[in-house]
């Protein structure tokens, strides 16, 4: 497997590859390592690592151990480990992560919640699957 810092897409051993000319409508779930270069309209829930290539486009929420984003995500992201936004990435949604790296040139519009090891483990067992987009009112109410 990978260490949490690996971001070289070419050296990874992917279990599943969604090619650049592929469009998936519906949810994707897997226990392996996935690379997506195409378009997905639906949620992606991976117990392993998720690599989203430069031309990838996801409209839905994503959950994975580690997420390496080089493409576009319109939805929320949950990572029990590392979320890395590469220079070509665009993320429009909220994130809950243990570790977060945002390279220069990437775009992130949303809120970020850093979680501890115990909370991040619950993502992978499904206890925190329903994460809605927060608003200023939600944030204020949750702090009361």
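The values are calculated or read from the model by the stated rules, or taken from the named source; none is laboratory data. No experiment lies behind these values; they were computed from the predicted model shown. Ideal geometry is used to build each Cβ from the backbone, glycine not excepted, and the neighbour counts take in all protein chains shown.
Can you say whether residue 17 is at pLDDT below 95, in a strand (DSSP E or B), on the phi < 0 side of the Ramachandran plot and touching a strand residue (DSSP E or B) at 6+ places or on another chain (Cβ under 6 Å), as far as the supplied structure shows? Steps first, answer last, please.
Working: at pLDDT below 95: yes; in a strand (DSSP E or B): yes; on the phi < 0 side of the Ramachandran plot: yes; touching a strand residue (DSSP E or B) at 6+ places or on another chain (Cβ under 6 Å): yes.
Judged against the criteria, residue 17 is a match.
Given the structure, is residue 86 surrounded by 22 or more Cβ atoms within 10 Å (Cβ to Cβ), within 17 Å of residue 107 (Cα to Cα) and either more than 9 Å from the chain's Cα centre (by Cα) or at pLDDT 95 or above (or both)?
Values: surrounded by 22 or more Cβ atoms within 10 Å (Cβ to Cβ): no; within 17 Å of residue 107 (Cα to Cα): yes; either more than 9 Å from the chain's Cα centre (by Cα) or at pLDDT 95 or above (or both): yes.
Taking the combined requirement at face value, the residue does not satisfy it.
Give the residues of the range 47-62 that are touching a helix residue (DSSP H, G or I) at 6+ places or on another chain (Cβ under 9 Å) and farther than 19 Å from residue 23 by Cα, sorted by residue number.
47, the sole residue that qualifies.
Could you figure out which of (1) closer than 19 Å to residue 60 by Cβ; (2) surrounded by fewer than 19 Cβ atoms within 10 Å (Cβ to Cβ); (3) modelled with pLDDT of 95 or more isn't true of residue 126?
Just one mismatch for residue 126, condition (3).
Considering (1) at pLDDT 90 or above; (2) assigned to a loop (DSSP other than H, G, I, E, B); (3) surrounded by 17 or more Cβ atoms within 10 Å (Cβ to Cβ), say which one residue 2 fails and leave the rest.
That leaves (1) as the condition not met.
A quick yes/no check of all residues on (1) at pLDDT 95 or above; (2) touching a helix residue (DSSP H, G or I) at 6+ places or on another chain (Cβ under 6 Å); (3) within 30 Å of residue 20 (Cα to Cα):
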site	(1), (2), (3)
76	yes, no, yes
96	yes, no, yes
105	yes, no, yes
111	yes, no, yes
119	no, no, no
122	no, no, no
133	no, no, yes
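Here are the criteria: (1) in contact with a strand residue (DSSP E or B) (Cβ under 7 Å, 6 or more places away or on another chain); (2) assigned to a loop (DSSP other than H, G, I, E, B). Tell me which single one residue 83 does not satisfy.
With (1) in contact with a strand residue (DSSP E or B) (Cβ under 7 Å, 6 or more places away or on another chain); (2) assigned to a loop (DSSP other than H, G, I, E, B) applied to residue 83, the lone miss is (2).
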